[in-house]
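Provided herewith is a single structure, encoded as structure tokens, for subsequent inquiry.
The values are calculated or read from the model by the stated rules, or taken from the named source; none is laboratory data. Model, not experiment: these values are computed from the prediction. For neighbour counting, all protein chains shown are included, and Cβ atoms are generated from backbone atoms with ideal geometry for every residue, glycine included. Just the protein is used for accessible areas: all its heavy atoms, side chains included, with ligands, DNA and RNA removed. Shrake-Rupley method; radii C 1.70, N 1.55, O 1.52, S 1.80 Å.
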Amino acid sequence: MAQAPATSKTRRRLLEWGAGTLGSNWLLTRRKLHPSEQAALRLRMLGRLPRKLKDPHFAILIPLVGPGDVGDWDAVTQRLTRTIESFKRQDYRRWTAFVCCQERPSLPWSSRLRYVPFRDKIEGNDKWAKLRTLAKGMSELRDDEPQGFVMSFDADDLLADGQLTAMATRKTPGGHLVSQGYVADIGADRIALARPQSLSEPGQKAFWKLCGSSAAFRYDLKHGMKTELAFLAAALSHEHRMFPHLAALSGRPLKPLEDPAVLYLLNHGENFGARRGRTEFKQRFASRFEIRDPAQLAAVKAAFPPF
């Protein structure tokens, strides 16, 4: 199942300008929009949320490839275990991780780590269908954790120590964006730093352009839950290049984090992207911007102990 197509860069800018000047209703009634953009504008029409949340909750949505689509289910489960471990290591404890898959992997399930069964029959990649299932399933948080941030996270990526605290203590009216992070090419045994391009590094790329584990969207399930969940389900149907645009349209822009926050693992044998021919340019990126300094490599590994 294919991702929803992305809006062109020029049109993204025009729509964001229009939302701020002409208004959401004007765009909804006079322009042809992606369903995700319509959902973002409807969310914007609910009004602004408080600028700062006290002790926000983090909902982590993890779509897991099914055992029938991989060659080594045990290896997939082991990588997922390391991903979960990167959350368990956080010094900020208010989070819940939801794992969606056709089969329940062998994990220490609890109220903090929850399994979401996936029963739909999907031809091809079912990642986005699982993310929509996860987004809709957030309704169960309405009574206990109605406000916070929601982050889709790949089942083989790692969150750096201390990053939930960094996000929880920032003053931002919207959400958070991972603009810097690391790309680990497992097959080639190299690690590269991804960050926004500059005049000195024109070939660089912001991390969120390379990896989907890169955005924490603000949510409020008592502020129009149906509209909130419809936006999340639609936004997560897109590739990550659309995340900042959709957040801006919704009136909850994403603010870049200051430090490299996520480690993206690729070329380990079970990446879905490799099956679609989507990882070769990322391998070239890792080769071009490989970190060679031993002290820097040691610092990366110190920030991601499960790695």
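Just add up the charged neighbours of residue 120: K/R +1, D/E -1, any other residue whose Cβ is under 15 Å from the Cβ of residue 120.
+2
Run the paramagnetic zone check for residue 296: 7 angstrom along Cα to Cβ, then residues of region 169-211 with backbone nitrogen under 15 Å.
Answer for region 169-211: 180-185, 190-198, 200-205.
Shifting gears a bit: Over region 148-292, what is the mean sequence separation of C-alpha contacts under 8 Å (at least six apart), divided by residue count, expressed as relative contact order in percent?
38 percent
Any idea how far the Cα center of region 143-198 sits from the one of region 52-110, in Å?
Cα centres, region 143-198 to region 52-110: 14 Å.
Could you tell me which of rounded, prolate or oblate describes the chain, using a ≥ b ≥ c as the square roots of the eigenvalues of the alpha-carbon gyration tensor, with rounded for a/c under 1.5 and, failing that, prolate when a/b is larger than b/c and oblate otherwise?
Rounded.
In nm, give the distance between the simple-model label positions of residue 165 and residue 53, each being 7 Å from the Cα along the Cα-to-Cβ direction.
1.9 nm
A further question on this structure: Taking the Cβ of residue 248 as the center, what net charge do the other residues with Cβ under 12 Å away carry, scoring Lys and Arg +1 and Asp and Glu -1?
+3
Continuing with this model, one more query. As a check on your grasp of the helix formula, calculate [θ] at 222 nm for the chain: sum -39500 (n - 2.57) over DSSP H runs of n ≥ 4, divide by the residue count, round to the nearest 500.
For the chain, the value works out to -9500 deg cm²/dmol.
Could you check the spin-label model distance between residue 21 and residue 6? Points 7 Å from the Cα along Cα→Cβ, value in nm.
2.5 nm
Take the Cβ-Cβ distance between residue 287 and residue 258 as r, set R0 to 22 Å, and report the resulting FRET efficiency rounded to the nearest 0.05.
Efficiency, rounded to the nearest 0.05: 0.25.
Need one value: the accessible area of residue 149 in square angstrom, 1.4 angstrom probe, rounded to the nearest 10.
Counting only protein heavy atoms, the figure is 10 Å².
With contacts defined as alpha carbon pairs under 8 Å and 6 or more residues apart, what's the relative contact order of the chain in percent?
Worked out over the chain, it gives 25 percent.
Using the Karplus curve 6.51 cos²θ - 1.76 cosθ + 1.60 with θ = phi - 60°, what ³J(HN,Hα) values do you get for each residue of region 30-46, in whole Hz, with x for Gly and Pro?
Ordered by residue, 3J(HN,Hα) equals 10, 10, 7, 10, 5, x, 5, 6, 4, 5, 5, 5, 5, 5, 4, 6, 5 Hz.
Here is a follow-up. Roughly how many percent of the accessible protein surface of region 21-124 is carbon and sulfur, given a 1.4 Å probe and a whole-percent answer?
Carbon plus sulfur share of accessible area: 46 percent.
Now for a separate question. Express the accessible area of the chain per residue in Å², computed with a 1.4 Å probe while the remaining protein chains stay in the model. Intermediate results must be reported in sequence, preceding the final value.
Working: 14130 Å² over 307 residues.
I get 46 Å² per residue for the chain.
Compute the distance in nm between two label points, each set 7 Å from the Cα along the Cα-to-Cβ direction, one at residue 223 and one at residue 280.
If labels sit at residue 223 and residue 280, their model points lie 4.4 nm apart.
Report the local net charge at residue 28: Lys and Arg +1, Asp and Glu -1, summed over other residues whose C-beta lies under 13 Å from its C-beta.
Details: positive: 30, 31, 32, 42, 44; negative: 37.
After counting each charged neighbour, the total is +4.
Still on this structure, please answer the following. Any idea what the relative contact order of region 50-119 is, in percent, if you count C-alpha pairs under 8 Å spaced at least 6 apart?
38 percent
Compute the Rg to Rh ratio over region 79-168 from the alpha carbon atoms, using the Kirkwood formula for Rh, and round to two decimal places.
Here the Rg-to-Rh quotient is 0.95.
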